[in-house]
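What follows is one structure encoded as C-alpha cells, with my remarks underneath.
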Ligand SMILES: [Ca+2]
Ligand SMILES: [Ca+2]
Ligand SMILES: [Ca+2]
Ligand SMILES: [Ca+2]
C-alpha cells in the first residue's frame, strides 16, 4: 500500500513538472484585443502620430517583399499604422502561388541600433487560418544578413481576432546582447497557405534600448590604449 502511495505521488510530481515546463515554453502574454490593447509608442512611431494610410510621421524606413506601402489595398506597412481592424488596418492576404521560400517579410530600418527587449504581434480581423503558423523575428545591421531572434513553428499563437500578444526577452526569446538597426518579420507558413486568401497580420510593435549593447572589453582596452598613446 505504502509503495502504491509513493508511486502515485511520484507520478503526480512528474506530471506537475511536465505541465509547468510546457507552461513556461508558452509564456507569451495576451494583452487583449483591439487597438486599445496595443502597447503604443513603439520604436517605429514613438509619438503614435503616423498617418494611417501614408508613410508620414514614422521613425523607420519600411520595406517588404509583398505589397510595400501604407496606401493600396491592405498593404504590408499597415502592420505599423497603430491600428487594429479590417481593410487598411491590416496586411492581407498573400500573393498568388503561395508563400515563397524566403517567406513574406516586412522590415523596419532605424537610424541607430536597438537591443530588442520586447515586441507585440497582433492577429488581424479575418479567418484564423490566415494567421502565421511558422514565422520569425530577425535582426540585421546591413539589411542583408539577418539573425533569427524569435521563431515559432506550430499552431497559431492567437485564439481571438485582433488579439495583441506580447513576447519578452529572457522569457519568450533569448535575452539580447546585440543591437540591430533592421528588424524583420518573416512568415513562412499559415494553415490555409497556399489556397485563396491565406495570410494576414494586424500589427507589429518593436521595443528596445539603444544603450544596452554589451561593451566588448577588448574594444574598451583598445580605446584606452589609443588615448594613452595619443597623450604621449
Ligand atoms: Ca511619429
Ligand atoms: Ca506603432
Ligand atoms: Ca492603414
Ligand atoms: Ca495595423
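The values are calculated or read from the model by the stated rules, or taken from the named source; none is laboratory data. Please read all numbers here as calculations on a predicted model, not as lab measurements. For neighbour counting, all protein chains shown are included, and Cβ atoms are generated from backbone atoms with ideal geometry for every residue, glycine included.
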Inset, instruction - From (1) surrounded by 15 or more Cβ atoms within 10 Å (Cβ to Cβ); (2) farther than 15 Å from residue 106 by Cα; (3) more than 10 Å from ligand 1 (Cβ to nearest atom), pick out the condition that doesn't hold for residue 45. - result: (3)
Inset, instruction - Taking residue 25 as meeting all but one of (1) over 23 Å from residue 116 (Cβ atoms); (2) modelled with pLDDT under 95, write down the number of the exception. - result: (1)
Inset, instruction - Tell me which of these residue 71 doesn't satisfy, since it passes every other one: (1) away from ligand 1 (no atom under 16 Å from the Cβ); (2) more than 17 Å from the chain's Cα centre (by Cα); (3) surrounded by 12 or more Cβ atoms within 10 Å (Cβ to Cβ); (4) at pLDDT 95 or above. - result: (4)
Inset, instruction - Would you check if there is a residue in segment 172-191 being in contact with a helix residue (DSSP H, G or I) (Cβ under 7 Å, 6 or more places away or on another chain) and either surrounded by fewer than 20 Cβ atoms within 10 Å (Cβ to Cβ) or in a loop (DSSP other than H, G, I, E, B) (or both)? - result: yes
Legend entry - Check on residue 126, over 14 Å from the mean Cα position of the chain (by Cα), away from ligand 1 (no atom under 16 Å from the Cβ) and free of Cβ contacts under 8 Å to residues at least 12 places away in the same chain: no
Inset, instruction - Go through (1) more than 13 Å from ligand 4 (Cβ to nearest atom); (2) under 21 Å from residue 168 (Cα atoms); (3) touching a helix residue (DSSP H, G or I) at 6+ places or on another chain (Cβ under 9 Å); (4) part of a loop (DSSP other than H, G, I, E, B) one by one and return the number of the condition residue 46 breaks. - result: (3)
Inset, instruction - Could you identify the single residue in 84, 157, 116 that is closer than 12 Å to residue 200 by Cβ and away from ligand 1 (no atom under 16 Å from the Cβ)? - result: 84
Inset, instruction - Starting from residues that are within 18 Å of the chain's Cα centre (by Cα) and closer than 14 Å to residue 94 by Cα, keep the ones in segment 57-67 and report whichever is nearest to ligand 3 (Cβ to nearest atom). - result: 64
Legend entry - Of residues in segment 87-113 being closer than 15 Å to residue 200 by Cβ, at pLDDT 95 or above and away from ligand 3 (no atom under 16 Å from the Cβ), the one surrounded by the most Cβ atoms within 10 Å (Cβ to Cβ): 104
